[in-house]
Amino acid sequence: MRRPAGRPGGRLAGRVALVTGAASGIGAATARRLAAEGALVGVADLWAAGARRVAERIRSAGGTACALRCDVSQEAEVKATVSELTASFGPLDVLHSNAACLDRDVYGRDRDLLDLAVEVWDRTMAVNVRGAMLMVKHTVPAMRDGGAIVLTSSVSGLVGATDHAAYGTSKSALTGLVRYVATMYGSRGIRCNAIAPGLVMTDAAREAMPPERLAEKAAERLLPWPAEPDDVAALAAFLVSDEARCVTGQTIVLDSGTTAHRPEHAIRAWERAKLDR
Ligand SMILES: NC(=O)c1ccc[n+]([C@@H]2O[C@H](COP(=O)([O-])OP(=O)(O)OC[C@H]3O[C@@H](n4cnc5c(N)ncnc54)[C@H](O)[C@@H]3O)[C@@H](O)[C@H]2O)c1
């Protein structure tokens, strides 16, 4: 089968990529970035209209993309999504498994562990962990040797917090999954890494966070600026490119320095900066 051409000349020219959770936020930014770098992109999401909108935006910018409706927690849907994408664009080169359950009635109810409803834990694990595993399970056989996988984890999977234990534990599991996938398929040249973002200023994060919470987050960082979705997309594009050909099995933190220090050190640095002004 003749592969449709992606944008010529880019770092990912002609590569076939699947991005999940791509209807909004980080996934949409990555889908757009991979397409801008020449990849042919499958924009997969549970939210079909959002995925169609992102795919249309990519096409109107001169890129190649198709929208795919998929619940990543359902094996039959994952299998069908991979088949549909490879039938349109050919064997896969790139997977960015990025979908996570951030719904108000799941993530929003993931508070104190002692009150946690079992269905909140189960849905979180089904989407965030089983979904990533199913994506790997069905994309690796459809991947050309030398393919690259990126999972979106979170700093919540690396440090503790007083809420969101189900979410944080699901993201910790991805750090393990990355190492297993990198080990199992490294001999085929397939690489697998994770990105662990801190706060990323998606539209949803901007809407959901009151100014006092944003100020708290700012005080935790070493850098004055939080990450934008495009910052995560840039790292994902690097990780799936040949420039990262020796990087595998890693979880790379992208958090403006939030977890790089003991908290009291940042607090002191911010206080000093206030006195100096
Ligand atoms: N925004 C942040 O501050 C931040 C920080 C750390 C990690 N993350 C991670 O980044 C990733 C993207 O999050 P975001 O902030 O862009 O949020 P978002 O809500 O904008 O994007 C998540 C997308 O996943 C989709 N989705 C949810 N359940 C799905 C399912 N079962 N199957 C397929 N798609 C599904 C949603 O429809 C949505 O489009 C997530 O893995 C999240 O945990 C985000």
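Overview of values
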| read-out | value |
| --- | --- |
| Residue in segment 110-132 that is part of a loop (DSSP other than H, G, I, E, B) and acidic (Asp, Glu) present | yes |
| Residue selected from segment 15-26 under the condition outside any loop (DSSP other than H, G, I, E, B) and within 12 Å of the ligand (Cβ to nearest atom), by the criterion surrounded by the most Cβ atoms within 10 Å (Cβ to Cβ) | VAL19 |
| Tally of residues being free of Cβ contacts under 8 Å to residues at least 60 places away in the same chain and in a helix (DSSP H, G or I) across segment 182-195 | 4 |
| Unmet criterion (only one of (1) more than 13 Å from the ligand (Cβ to nearest atom); (2) outside any helix (DSSP H, G or I)) for THR258 | (1) |
| Residue in segment 27-47 that is nearest to the ligand (Cβ to nearest atom), counting only those that are part of a helix (DSSP H, G or I) and open to solvent by less than 30 Å² (accessible area, probe 1.4 Å) | GLY27 |
| Residue in segment 131-146 that is farther than 24 Å from GLU84 by Cβ and surrounded by 16 or more Cβ atoms within 10 Å (Cβ to Cβ) present | no |
| In segment 166-180, the residues that are more than 15 Å from VAL240 (Cα to Cα), open to solvent by less than 50 Å² (accessible area, probe 1.4 Å) and touching a residue at least 24 places away in the same chain (Cβ under 8 Å) | ALA166, TYR167, SER170, LYS171, ALA173, LEU174, THR175, LEU177 |
| Those residues of segment 156-202 which are modelled with pLDDT under 95 and in contact with a helix residue (DSSP H, G or I) (Cβ under 8 Å, 6 or more places away or on another chain), in sequence order | GLY160, ALA161 |
| Tally of residues being aliphatic (A, V, I, L, M) and away from the ligand (no atom under 13 Å from the Cβ) across segment 57-75 | 3 |
| Options GLU207, GLU216, GLU212; residue that is more than 16 Å from the ligand (Cβ to nearest atom) and surrounded by fewer than 19 Cβ atoms within 10 Å (Cβ to Cβ) | GLU212 |
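The values are calculated or read from the model by the stated rules, or taken from the named source; none is laboratory data. Quantities reported herein were computed from a predicted structural model and do not represent experimental measurements. FYI the Cβ positions are ideal-geometry reconstructions off the backbone, even for glycines, and counts take in every protein chain you see. These accessible areas exclude ligands, DNA and RNA; they are computed on the full protein's heavy atoms, side chains included. Shrake-Rupley method; radii C 1.70, N 1.55, O 1.52, S 1.80 Å.
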